[in-house]
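Here the structure comes first, spelled out in structure tokens, and everything after it is commentary.
Just so you know, all these numbers are worked out from the coordinates, no wet-lab data involved. Being a predicted model, the structure only gives us computed values, none of them experimental. Here the Cβ positions follow ideal geometry from the backbone for every residue, glycine too, while neighbour counts run over all protein chains shown.
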Amino acid sequence: MTGYEVMVTFTDWLLRETIDISFCILLILLVRRIFTNFFGARLCRILWLILFIRCIVPWSFPVNIDPASLFSKPDTFFNSRPSPASIIQPPEDVPVLPEAVPNTEIASEHRTAARNRIFTAKVLRVIFVGIWFIGSLALLGITFFRSRRIAHYTTEAPQPVPSWLQEIFLECRERMKIKIWPVLIVSSGINSPGLIGALRPRILLPCDLVNNDSRQQFYHILLHELAHIKQGDIWLSWFWTLFCCLQWFNPLVWLAGRYMYLDREMACDEHVLRMLETEKRIEYSRSLLELLKWCRGHPARETRARRPRHDELSRYPGLACVVERKTNIERRLGMITKFKIHSNRQIAFGSFALLVIAVLSVASFAGSGQTVKLTSDKAELMGRVEDFFMHNFRDITARKSIEWGEPETEEKGNRSIRYMCETQIWEKDWKIMNAVFTFDKDGGYVNYKNVSGYPKDKVAVKIDTSTDEGMKALVEKFFSQNYRDITARKTIEWGEAGTYENGNRGIRYKYEATIWGKDKIISDKIFTFTPEGKFVSVIDVEEAKWQEGKAGAGTIAVALRAYAANNLSNGDYKNITFEKLGFKKGELNGKYFNMDNYELTSVSFDESRINNPLHYTITVTRPDDSWKIKSMQLTHTSQWIQNQ
């Protein structure tokens, strides 16, 4: 594999993992929020173990997202990897598809567009991998620096452990039944008790706190830290830290870590509370509260500005402290005051619920989100077929993939692959092509042969123009084949279908259109089609209404010419009225226009004007002020003048 192929494989895997992990985190957070009080802290902690298992096991959620689509925008008609659901059943008729004809202009244009898309996809992948690598490397560096820093502080100026503290530690170790032997370290380099070390656990205790000689408080502190060892929290902390370095760009991972650390501490508190008598549980909460007050008032000794505060210790990898954030302490104290030992029925129900969640989040999705893998041989042949289409088939102006067959090898070493697609001939008729393309062992084109019964006409769905639904379908089909500048469209209102001139069917459609993804306009148009469903015209609704006004003005012009022919120069043209022209009151009234909207102006008759002695202007004003066009004028030369 080349370096770029490795990068493609890695980015696809990383993005799929991001989708799956995010889905699992959202599921756990939802269940945790609903059942926290019912399950208890220990079962909530087990919820996060499901996430750890998901991080290790390579299974996927059924999300139909191809990571490659994030880096490229394949053309609709030239998509070479259709989904099985998009396969169209071929029709019956069998016409003949023209032979391949060279088309250098279209091929050159397609090659340029394809190269630009490929170059853009490569650049985006390189940028993504570069940003990810820099971020991961920076986090790994910060992790290493902080781990060395906290190790240095804990080993700096160690103090001897008092005998009474050793006795308490042995008692806690026996009660917790810990097999390994942690090391107690008393140091002035820290200001909060904690646990560090996965292979060699070390319990850290501040020097000033040990000097207070509070036996009961240290009994609770050591039980809490030993509970961390028993639960394996340091191992999980390191694993999660490294996982955050991998998924640093995912905010859900950081949110999950915050709740995970809280559930970890609350699980340790619950573990300790189960071991204590009822009356001593309140003393445990007091020990936590007193320890928080002590930590806030006692920073580490010597060069205190360089030492991390107690509320910053949660940022350090592989470190578990008794007290961290103030908000976490408040939640833990609330849990302690409300603590009760759950019944066996609750534990059984919680365990069953966790099992169901684990199955839903992992097992039932195994392999379902994987995309279809292409062999290198098939991918190469698909690319050669696409290249052949770019250089040939001049009559094919659009194409949509339906199905790719599997590659086959002949005796001579030639390789072939079957390709089925929809093709549009000269932007008119649609046909279904199904042919086998053959190439030699070096990739050179040999021939192509149509599969028996192909090519076929694509069966056109008969649309009933007598119904509103049928007319709407025709309009939608018209939009799919025209108005390429409209990149988005939102329906506002549909009118009712009706019959127009020459028996054609029409319907009004009002919509909001986005032009090239920027400007938005509102259009109100009437689409007309023949009774058989063929497109006739599309005009604005206002323009269609003006047709009535134009027809009325034309009727007036005919009557005026008849009046001039009968009266010649004897006619009274200056004071001419509609009544003199023979119109009765209301005779010119229509659906939108009436006689008040028509006006005769500049009427004159001069016999010296041999070609056209009659001059006139008929003005038609809009019946509604909301119309865009204010008026239209018809002159004696039969020309229309529009005034907006």
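Things to note:
- Burial ranking of peptide ranges 414-421, 271-278 (average Cβ count within 10 Å, highest at the top): 414-421, 271-278
- Mean Cβ count within 10 Å, highest first, over the residues of peptides 22-32, 425-435: 22-32, 425-435
- Sum of side-chain charges, LEU600 neighbourhood, beta-carbon under 11 Å (Lys, Arg +1; Asp, Glu -1): +1
- Protection proxy ranking, peptides 612-622, 462-472, average beta carbon neighbours within 10 Å, highest first: 612-622, 462-472
- Exceeding the 30 Å Cα-Cα cut-off - candidates LYS122/LYS458; LYS525/LYS574; LYS534/LYS630; LYS400/LYS441; LYS431/LYS534: LYS122/LYS458; LYS525/LYS574; LYS534/LYS630
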